[in-house]
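Just below is one structure, and these are the notes that go with it.
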Number of protein chains: 2
Amino acid sequence: MPQYKAPLRDFRFVMNELLDAPAQLAQMPFYQDNETADADLMAQVLEEAARFVEGELLPLNQTGDQQGCQRSENGDVKTPDGFKAAYQKYVQAGWPALDADPQWGGQGMPHTVANAMLEMMNSANVAWAMYPGLTHGAVSALSEVGSPELQQLYLPKLISGEWTGTMCLTEPHAGTDLGIIRTKAADNGDGTYSITGTKIFISAGEHDFTDNIIHLVLARLEGSPEGTKGISLFLVPKFVPNADGTPGERNGVVCGSLEHKMGIHGNATAVLNFDGAKGWLVGEVNRGMNHMFIMMNAARLGTGLQGLGLGEVAYQNAVAYAKDRTQMRAEPRVNPAEQADPIIVHPDVRRMLMTGKAYTEAGRALALWLALALDTEAHHPDEAKQKEAADTVALLTPIAKAFMTDNGFNIAVQSQQVFGGHGYIAEWGMEQFVRDARIGQIYEGTNGIQSLDLLGRKVLMDGGKKLQALAGTLQAFADENEDDEVVGEYITQLGKAANQLATLTMLVGQKAMDGGEKGPDEVNAVAVDYLRYFGHVVYGYLWARMAKIAADKVVAGQDQDGFYQAKLDTARFYFARLFPETKSLSQTIKAGGESLDFDLKGMFGFEPEHA
Amino acid sequence: MPQYKAPLRDFRFVMNELLDAPAQLAQMPFYQDNETADADLMAQVLEEAARFVEGELLPLNQTGDQQGCQRSENGDVKTPDGFKAAYQKYVQAGWPALDADPQWGGQGMPHTVANAMLEMMNSANVAWAMYPGLTHGAVSALSEVGSPELQQLYLPKLISGEWTGTMCLTEPHAGTDLGIIRTKAADNGDGTYSITGTKIFISAGEHDFTDNIIHLVLARLEGSPEGTKGISLFLVPKFVPNADGTPGERNGVVCGSLEHKMGIHGNATAVLNFDGAKGWLVGEVNRGMNHMFIMMNAARLGTGLQGLGLGEVAYQNAVAYAKDRTQMRAEPRVNPAEQADPIIVHPDVRRMLMTGKAYTEAGRALALWLALALDTEAHHPDEAKQKEAADTVALLTPIAKAFMTDNGFNIAVQSQQVFGGHGYIAEWGMEQFVRDARIGQIYEGTNGIQSLDLLGRKVLMDGGKKLQALAGTLQAFADENEDDEVVGEYITQLGKAANQLATLTMLVGQKAMDGGEKGPDEVNAVAVDYLRYFGHVVYGYLWARMAKIAADKVVAGQDQDGFYQAKLDTARFYFARLFPETKSLSQTIKAGGESLDFDLKGMFGFEPEHA
């Protein structure tokens, strides 16, 4: 069975040494009032969280994959053995409320802490973690735009974990393109709506954890315009609550089937049939797409954390195997008495392990940086700081989603490779990590869509302002450390890449402007490569900063266990072996849309209708 | 259900226009005598093969994955529904004997044709294709080093497909490192040996297709030296044949269990327990490792063809889906009457499709080039040509195995991405291609081992002679075409990369020499990146050559259906978007072993015994 130990030491390093999170949070009245910004308290919570995920969730990961979920004829769903009991413990311990607003029963801990816990949950059992995970989006949307009545009725139960939430967006013919959904809402004239349609790919859409499930559903109100401007957001409970808040009448939403998937077998991916189900409007009519993005942004960082968590656990198991499995000889031999040496002595094995370590640790730094920015955006007393944090969140969320899930999948694949043939059989659990990690690149907006969001919307649409702000942050760090003995070399590499990123951005922007109606194609043609380039600039910045902190500790003789030297060596590996991907990306981005301009009929036998 | 149409047009292009295979083969008396080197005959055979794989194998691919193989208590194995019947048709039609020696009942067709058919079989149903596929290795080994008695008894039945063969190498503690296997052979003094031990991961190790299975088994004869120099190869039949060749006494080899795997569920991956099983020596005592490599080289190209075939079928399905699935708008609209346009209009979708096309078509060219080299090595009347072909096979086999399976897996992943969420559910079959493709990177020597074979053994060990011969081939093509309007630009890029490959080779070679006993670590640290660089040089060469042929046709107005223009556009895409990976690889190879040199204790908590 796979093993997992929460990376508590690294969480402390990132939170306390890299981000200085306790001091940052202490500036915010919200955390002062709730007394939740204390470094010791945060560390204790994470230790407790680690005990929970290692003890309760990890043991269910492989069995959950093997059993999957079972739907009975009436549409009920049975989750794998132990899943429900683990959820009850999770709720009893108060974990669902960790970073929620005390106004609704939350504990008011920083997102920084909650996101660290989410990484751990994803490492231990991503299929299980999705049940409570989806609730976060519903809570965000209701908190921000729900009516006071809906908030009072639903938020306490969602936050306590008594009920869970879902996001119902996709339909059979409409995934990326939500403007063409067909689910309809009819106004009942009594403050409720009647929702009819079919939603697919609904994660945690039906289960046996709780006695109610609260669906947030995109639908088109009768008479609303076509396209994205005619879509509204509705709350549709599985059971319509009674006046006292207990689940009442069964609503007209039923699980029609469960999907058979490549992975995350333990999570029920439901087809939900809404047949005149009673719903309540959330937010404003025809503003559903905007409200949906509140949920979506939370879900995107959450998905990035799946890539991070799965990369971490796959990496940890590859390290353990590489230390244990003996095969071939090293010079000098490290196991002279035995027939072979542990495979960790072979540089190619170390290369695979280090790829996991370098991406995962930078990913953790990015995820917690973003989480701290979310805390700052929500609670900083200085409005300029809020705005700055909001821009950071906007700019880096697509990178966190796409770069972290792409890297997470690749780490899972490379970690599986360390096991040789044993990685391909189910017993060792490595192939499950690969299957489970694959979905992160696809859902909550494919990584292609994330790339378009980054380059088209977040960078070009505001004239590069957010990008320039980030460049300023990098420049400030560079100015301060460019002569540093250890970090100076990384800063040189980073500076070149950051300048090149600016040049490439201008190049693509210019081509897009020159392209007229075909201009968007120029963005579309290079967006994925652009996001990857951008990701390396962000990770390069984080590795340079982490190396600076580590170098100071090593020089000061404060590195008893080699933790800081390992950080330094990992930064060195990152800049030597992973960061150079930017060299290729620079060239492919320059190649641009022209490389994809050809006759679709000759190439693929495709004939457009209008031709 | 996934669809598949054999790429017959592209087979003809590669065989006839790129490789001029019929004329080359016609120079060899073997094919003259057998009258099998005729272009029309080869094309007809491939058409017939296409009908077989499309009609008989493709429909069993998804059901085979869902059902898997079942082992009963006595060790018998039931393959998925329809698998056995399809095999019987395959045998009745004479397909197993396609490229086998007429001396043993073979049809004497070129390997070039047989390898094209193998690609198709792998596209349609890789799990099924492995049953007859493994027999090839056994036939090769027996043909080359088997005693006349063994040849007469076994070759006709293996070649006709009446019986199948296996390769039994791996043991629980020994995969890459076969020198430490524990399976023992005792001399019975009557020309037979008694084999005892456990072999794992034996593909097609037990099944219900045939009434006998012939295992080729590595074991250590009592009294033989330790390590690889004490290993011999034995033939162990499941049933010991009677004098008349019918299966007789049940031998002491039993399937102890089947592995539960990530993919290739339709193929039985057996644990085989040998308990005093009767065996016969194949070749010479203690030369088993050498003899094993006869099987292994066939298996390596065969594995490369799995990557190729799976890439092709995944790509084909992604193209079909991208033409059919409508989502978002293009400018100009191609479906003005409908709500959305087919996703093939989006450049990022085209990028994913083109990646599949560019790698697959170059892979097909490499595979058939290698197959023709195998034909030449075996049958060319000129010994110098034989030697040249043998060197080509030796140099390019690790590239065919590793580069083609890595690309095949990546194509399957990208093609799955084109489907969005629908790619993740089993129904569409895309996730099966990903799971099935993953094993090719692992077995028959992991791709890391292939890389070491290429850089350490094939390039550095002979002082770069084989590499120089290949460079000469590239140079000759470059000299002839460097001023060509279309291809000149590609030749410039290719020439720079080829020069850089030579420089990198010398750099690594020098470091390895300077490194003393740690020298091999320098090779180990960069071999994977080196193989990928080398692969791009080979594919770049093939794309430049294909582009030259295509350009001539286009200029001559001989491109009615756009086939040649598509080749030209694909070459352009390859050099613009894929070949630039060499830029990064060059840098990471230069970084070398120093990037992986650190304290294993601080980094991974690893403490060598000798420390």
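The values are calculated or read from the model by the stated rules, or taken from the named source; none is laboratory data. Every value quoted in this text rests on a predicted model; they were computed, and no experiment measured them. Don't worry about glycine lacking a Cβ; one is built from the backbone with ideal geometry, like all the others, and counts go over all protein chains shown. When the accessible area is computed, the model is the full protein with side chains, heavy atoms only, and any ligands, DNA or RNA have been set aside. Shrake-Rupley method; radii C 1.70, N 1.55, O 1.52, S 1.80 Å.
Residues considered: A:Leu233, A:Leu221. Of these, the only one that is touching a His at 6+ places or on another chain (Cβ under 8 Å) and more than 30 Å from A:Ala85 (Cβ to Cβ) is A:Leu233. Within segment A:89-105, residues that are touching a residue at least 24 places away in the same chain (Cβ under 8 Å) reach partners that are of a type in the set (Ser, Thr, Tyr) and open to solvent by 30 Å² or more (accessible area, probe 1.4 Å) with beta carbons closer than 7 Å, at six or more positions or on different chains, in the pairs A:Val91/A:Ser160; A:Pro96/A:Ser160; A:Ala97/A:Ser160; A:Asp101/A:Ser143; A:Gly105/A:Ser160.
Evaluate segment A:3-10: report whether one residue or more is outside any loop (DSSP other than H, G, I, E, B), under 22 Å from B:Met603 (Cα atoms) and open to solvent by less than 20 Å² (accessible area, probe 1.4 Å). Yes, segment A:3-10 contains at least one residue that is outside any loop (DSSP other than H, G, I, E, B), under 22 Å from B:Met603 (Cα atoms) and open to solvent by less than 20 Å² (accessible area, probe 1.4 Å).
Listed by first and then second residue, the pairs with beta-carbon distance under 6 Å, at least 6 apart or on different chains, first residue in segment B:182-208 and of a type outside the set (Gly, Ala, Ser), second in a loop (DSSP other than H, G, I, E, B), are B:Ile200/B:Thr170; B:Ile200/B:Pro172; B:Phe201/B:Thr170; B:Glu206/B:Ala268; B:His207/B:Thr79; B:His207/B:Ala268; B:Asp208/B:Thr79. With respect to the stated conditions, B:Ile343 is touching a residue at least 24 places away in the same chain (Cβ under 8 Å), touching a strand residue (DSSP E or B) at 6+ places or on another chain (Cβ under 8 Å) and either within 13 Å of chain A (Cβ to nearest Cβ) or of a type in the set (A, V, I, L, M, F, W, C) (or both). Checked against the criterion of being at pLDDT 95 or above and open to solvent by 10 Å² or more (accessible area, probe 1.4 Å), the candidates B:Glu331, B:Glu284 yield just one match: B:Glu284.
Exactly one residue out of A:Glu388, A:Glu427, A:Glu361 is acidic (Asp, Glu) and farther than 22 Å from A:Tyr541 by Cα, and it is A:Glu427. So is A:Val126 buried (at least 24 other Cβ atoms within 10 Å of the Cβ) and within 14 Å of another protein chain (Cβ to nearest Cβ) or not? So A:Val126 passes the test. The set of residues in segment A:362-413 that are among the β-branched types (Val, Ile, Thr) and free of Cβ contacts under 8 Å to residues at least 40 places away in the same chain contains only A:Val413.
Among the residues making up segment A:307-328, those that are open to solvent by 20 Å² or more (accessible area, probe 1.4 Å) and either of a type in the set (A, V, I, L, M) or assigned to a helix (DSSP H, G or I) (or both) are A:Tyr315, A:Gln316, A:Ala320, A:Lys323, A:Asp324, A:Met328. Filtered by the rule that a residue be in a loop (DSSP other than H, G, I, E, B) and on the phi < 0 side of the Ramachandran plot, segment B:221-234 gives B:Glu222, B:Ser224, B:Pro225, B:Glu226. Count of segment B:510-534 residues, restricted to those that are under 28 Å from the mean Cα position of the chain (by Cα) and either open to solvent by 10 Å² or more (accessible area, probe 1.4 Å) or more than 14 Å from every other protein chain (Cβ to nearest Cβ) (or both), is 9.
For A:Gly64, are the conditions met, namely being open to solvent by 20 Å² or more (accessible area, probe 1.4 Å) and in a helix (DSSP H, G or I)? Criteria not met by A:Gly64. Can you work out which of the residues in segment B:460-490 that are of a type in the set (Val, Ile, Thr) and surrounded by fewer than 23 Cβ atoms within 10 Å (Cβ to Cβ) is modelled with the lowest pLDDT? The extreme case among them is B:Val486. Scan segment A:233-264 residue by residue and report those that are closer than 30 Å to B:Thr63 by Cβ and of a type in the set (Lys, Arg). Across segment A:233-264, the qualifying residue is only A:Lys261.
The set of residues in segment B:146-176 being farther than 14 Å from B:Ile202 by Cβ and of a type in the set (D, E, K, R) consists of B:Glu149, B:Lys157, B:Glu162. Within the option set B:Ala243, B:Ala318, B:Ala298, B:Ala277, being within 14 Å of chain A (Cβ to nearest Cβ) and among the small types (Gly, Ala, Ser) holds for one residue only, B:Ala318. For segment A:200-243, a residue qualifies if it is open to solvent by 10 Å² or more (accessible area, probe 1.4 Å), under 19 Å from A:Val77 (Cα atoms) and of a type in the set (Asp, Glu), and the qualifying residues are A:Asp208, A:Asp211. Evaluate segment B:13-26: report whether one residue or more is open to solvent by 10 Å² or more (accessible area, probe 1.4 Å), polar (S, T, N, Q) and assigned to a loop (DSSP other than H, G, I, E, B). The answer is no; no qualifying residue exists. Counting only helices (runs of 4 or more DSSP H) that sit completely within segment B:381-484, those holding 3 or more residues that are more than 14 Å from every other protein chain (Cβ to nearest Cβ) correspond to B:383-418, B:465-481.
Could you tell me how many of the residues in segment B:237-277 are outside any strand (DSSP E or B) and either under 31 Å from the mean Cα position of the chain (by Cα) or outside the structural domain of B:His207 (by TED's automatic domain parsing) (or both)? Qualifying residue count for the region: 10. For B:Ala591, the stated conditions do not hold, so it cannot be described as out of contact with any Leu (no Cβ under 9 Å at 6 or more places or on another chain), open to solvent by 20 Å² or more (accessible area, probe 1.4 Å) and modelled with pLDDT under 95.
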